[in-house]
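FYI, it's all coordinate maths here, none of it is from the lab. Keep in mind the model is a prediction, meaning the values are calculated, not measured. Positions of Cβ are backbone-derived with ideal geometry, glycine not excepted, and every protein chain shown enters the neighbour counts.
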Amino acid sequence: MNAQARMFEAVLKAAVDPIIVIDGAGVMLNANPATTDLFGYSNAELLGQNVSMLMPEPYRSEHDSYLERYLATGERHIIGIGREVAAERADGSVFPIALAVSQVDLPGEPPRFTGIIHDITDRVDAAARLQDANERLEQRVQQRTDELRVSLAELSRSNRDLEQFAYIASHDLRAPLRNVKQGVGLLDHHLQTTLGEGFDDEANELRQLIDQALGRMTDLINGLLEYSRVNQTGELETEPVDLTEVATGVVEALVHEIEDAGATVEVEDLPVVDGNRTQLRQLLSNLIQNALRYRKPSTPSRIELSGARGDDNWVISVQDNGIGVAADQHERIFDLFRRGHDGYGGVGIGLAICQRIVERHDGDIWIESEPDEGAVFRFSLPDANLRADA
């Protein structure tokens with residue numbers, strides 16, 4: 001054995017990875033200790049045997065033909081390329097390996113081939129676990145997506161049904177309500193004509209209760225109709241809206257209510273926002289009317305409208321010095337049919353309309369208030385200049 005062969009032998013034995021040396025017929029000429037440890041054979045059981053004994057089918061039957069074709073034509077299948085294949089231990093267990101085969105030419109010796117083997121069981125198992133986890137995650141995501149799609153469809157259908165119901169109910173109830181009012185008026189006239197004198201106190205009290213009930217029903221129907229209008233789906237038509245101009249117009253339209261309440265309304269310079277003019281007018285009108293309704297009886301009502309710059313929007317504030325709202329009511333005050341206090345009138349629709357208008361403008365609305373300390377309603381709206389630049 002020459003020096004080069006001895007060096008090769010020393011490297012072979014010291015290698016951590018299993019290494020096998022075969023001849024041109026596939027017969028094993030040498031195998032290092034790592035090979036015997038991995039496959040469970042002794043060195044004597046391996047040497048002189050065809051290397052295909054370490055392969056499961058179909059690799060075992062195909063191996064010799066690969067080697068013969070390479071020696072005859074130079075066509076590479078594994079040699080010089082490397083690939084992942086299956087190997088078989090002495091106990092028959094099959095496991096994955098990364099195999100790199102190269103040709104070794106020693107002086108005066110026929111061609112030999114070395115196969116360097118790396119057990120990749122852990123890597124393959126980890127990849128399989130990852131693949132399984134990904135598949136299960138995809139299944140859960142798909143399942144959740146399907147559930148959300150169904151829920152969204154049901155919610156959309158429910159919203160459409162609610163909008164249609166609110167519109168039809170409020171619209172169709174107007175006619176019979178008018179008939180009831182007319183009937184009550186005719187009954188009044190008939191009774192007065194028949195009796196020849198006015199009602200007694202009990203009859204007058206009953207008549208007032210009827211008027212109050214009819215008035216509340218009228219307000220409720222009108223409120224539902226307005227809510228159904230602002231709650232309609234579809235793209236909202238927007239334009240640059242000067243809120244100072246809109247707020248001034250709202251105050252002028254409410255001048256009699258403001259005077260009757262002994263209130264003052266101050267409108268500071270408000271910004272130009274991107275929005276629907278009609279809905280923004282209703283938003284400000286509802287908030288001012290809400291402040292007028294919940295004023296302190298013993299204190300002159302003062303309402304201030306102002307605006308402040310946000311990061312990419314405007315925040316509008318409507319502040320009053322009224323009776324205020326308890327903290328535990330802040331979230332629920334925008335619910336439909338929710339009223340802040342009993343005994344102050346209203347049907348609990350105005351603030352729900354405000355919230356829906358702001359949401360349709362991609363904004364938020366909230367309240368800052370404490371009992372007996374007044375309230376500040378704030379809402380955010382898109383900046384018209386930023387929307388135009390976009």
Quiz item: Would you list ARG332, ARG277 from fewest to most Cβ contacts within 10 Å?
Solution: ARG332, ARG277
Practice problem: Label region 3-119 by shape, choosing from rounded, prolate and oblate, from the square roots a ≥ b ≥ c of the eigenvalues of the Cα gyration tensor; if a/c is under 1.5 it is rounded, and otherwise prolate applies when a/b is larger than b/c, oblate when it is not. | Solution: oblate
Practice problem: Evaluate the relative contact order of region 239-389 (contact order divided by residue number), counting alpha-carbon pairs under 8 angstrom at least 6 apart; express in whole percent. | Solution: 25
Practice problem: For region 283-300, just list the computed ³J(HN,Hα) in residue order, Karplus coefficients 6.51, -1.76 and 1.60, θ = phi - 60°, integers in Hz, with x standing in for Gly and Pro. | Solution: 4, 5, 5, 5, 5, 5, 5, 5, 5, 5, 5, 9, 7, 7, x, 9, 10, x
Exercise. Return the FRET efficiency for the residue pair GLU252, VAL141: r is the Cβ-Cβ distance, R0 is 45 Å, and the value is rounded to the nearest 0.05.
Key: 0.25
Self-check item: Ranked ILE349, ILE20, criterion: other C-beta atoms within 10 Å, fewest first
Solution: ILE349, ILE20
Exercise. Provide TYR294, TYR66 in ascending order of the number of other Cβ atoms located within 10 Å of each residue's Cβ, fewest first.
Key: TYR66, TYR294
Quiz item: Taking Cα pairs under 8 Å and at least six residues apart, what relative contact order does region 3-119 come out at, in percent?
Solution: 26
Quiz item: Put a dot 7 Å past each Cα toward the Cβ at VAL94 and ASP372; how far apart are the dots in nm?
Solution: 8.5
